[in-house]
Amino acid sequence: MKPEGHEDAIHKVERILDKVTDIASKALLAPCVVLLVAWVFLIGAYVFGRAIFNMKWLFVEEFTEYWLVMVAFFALAYTLRTGGHITIDIVTRFLSKRVRSILAVITGLLALGFTGYLLQAGVDWFWTAWVGGKLSWYPSSVPLWPYYLFVPVGLAVLCLALLHELYRSAIRLVRGEKTELKSNAE
């Protein structure tokens, strides 16, 4: 039998990870929502201006490309927390709960390792742009480091969310639980 303090510590760590991941993923999601709304209006005005007044705003194409990177990377952790990523269980649904728990830990470790590798590459990419003063090749010639920063920030929060999921999977495996631990996202 495990000491009561041990269980309290496990639940405390789970609650802290859950809260921090929840706050971080929602904090990154908020600018995505704002950008998507702005995107609709900006593209609409751009299309309207080109069709009616034959005006071409060069910045629209450039900045909507940057925004796409932000939306894609900033939404990753929230999508993971809410179960929005595609899962294929055609084989695993026939496996026992224990085997599925083992696979969840293994895939969690692999996902965390791969995302950590991408995070390191994203930090290097950002750092190169920062130190090298890399500028956009568009006529605006804006510095690219702020936009390159979207990648490592989004991946860092995804790593945090993956760590949280891995922790939950490991707890289920050790305890032999058949149901998942509840989180605020559910």
Only one of 98, 175 is of a type outside the set (A, V, I, L, M, F, W, C) and touching a residue at least 60 places away in the same chain (Cβ under 8 Å); which?
-> 98
The correct count of residues that are surrounded by fewer than 16 Cβ atoms within 10 Å (Cβ to Cβ) and farther than 26 Å from residue 150 by Cβ in the range 64-103 is 14
Among the residues of the range 123-136, is there at least one that is farther than 18 Å from residue 73 by Cβ and in contact (Cβ under 8 Å) with a residue 24 or more places away in the chain?
-> yes
Only one of (1) in a helix (DSSP H, G or I); (2) over 23 Å from residue 77 (Cβ atoms) does not apply to residue 34, and that is (2)
Checked the range 159-186 for anything surrounded by fewer than 17 Cβ atoms within 10 Å (Cβ to Cβ), more than 26 Å from residue 117 (Cα to Cα) and modelled with pLDDT of 80 or more; matches are 174, 175, 176
With respect to the numbered conditions (1) within 30 Å of residue 176 (Cβ to Cβ); (2) within 24 Å of the chain's Cα centre (by Cα); (3) touching a residue at least 12 places away in the same chain (Cβ under 8 Å), which one is the sole condition not fulfilled by residue 110?
-> (3)
Counted residues in the range 16-35 being within 19 Å of residue 151 (Cβ to Cβ), surrounded by 13 or more Cβ atoms within 10 Å (Cβ to Cβ) and over 12 Å from the mean Cα position of the chain (by Cα) come to 2
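Of the residues that sit in the range 48-63 and are under 20 Å from residue 139 (Cα atoms) and exposed (fewer than 13 other Cβ atoms within 10 Å of the Cβ), which one is modelled with the highest pLDDT? Break it down into steps so the answer makes sense when it comes.
Step one: of the range 48-63, the residues under 20 Å from residue 139 (Cα atoms) are 49-50, 54-63.
Next, only the ones that are exposed (fewer than 13 other Cβ atoms within 10 Å of the Cβ) stay: 54-56, 58, 61.
Details: 54: 88, 55: 85, 56: 81, 58: 80, 61: 85.
Applying the filter and picking the extreme gives 54.
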Applying the selection to the range 108-144, what residues are modelled with pLDDT of 95 or more and of a type in the set (S, T, N, Q)?
-> 115, 120, 128
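Could you say which residue among 47, 40, 123, 60 is within 20 Å of the chain's Cα centre (by Cα) and either closer than 25 Å to residue 168 by Cβ or not in a loop (DSSP other than H, G, I, E, B) (or both)?
123
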Residue in the range 67-104 that is nearest to the chain's Cα centre (by Cα), counting only those that are in a helix (DSSP H, G or I), closer than 16 Å to residue 169 by Cβ and among the aliphatic types (A, V, I, L, M) = 80
Kindly list, by first and then second residue, each pair from a residue in the range 15-32 that is farther than 13 Å from residue 159 by Cα to a residue that is in a helix (DSSP H, G or I) and aromatic (Phe, Trp, Tyr), limited to pairs with Cβ atoms under 6 Å and residues at least 6 apart or on different chains.
-> 28/74; 29/78; 32/74
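The values are calculated or read from the model by the stated rules, or taken from the named source; none is laboratory data. Since the structure is predicted, the reported quantities are computational estimates derived from the model, not experimental observations. As a convention, Cβ positions derive from the backbone with ideal geometry for all residues, glycine included, and neighbour counts pool all protein chains shown.
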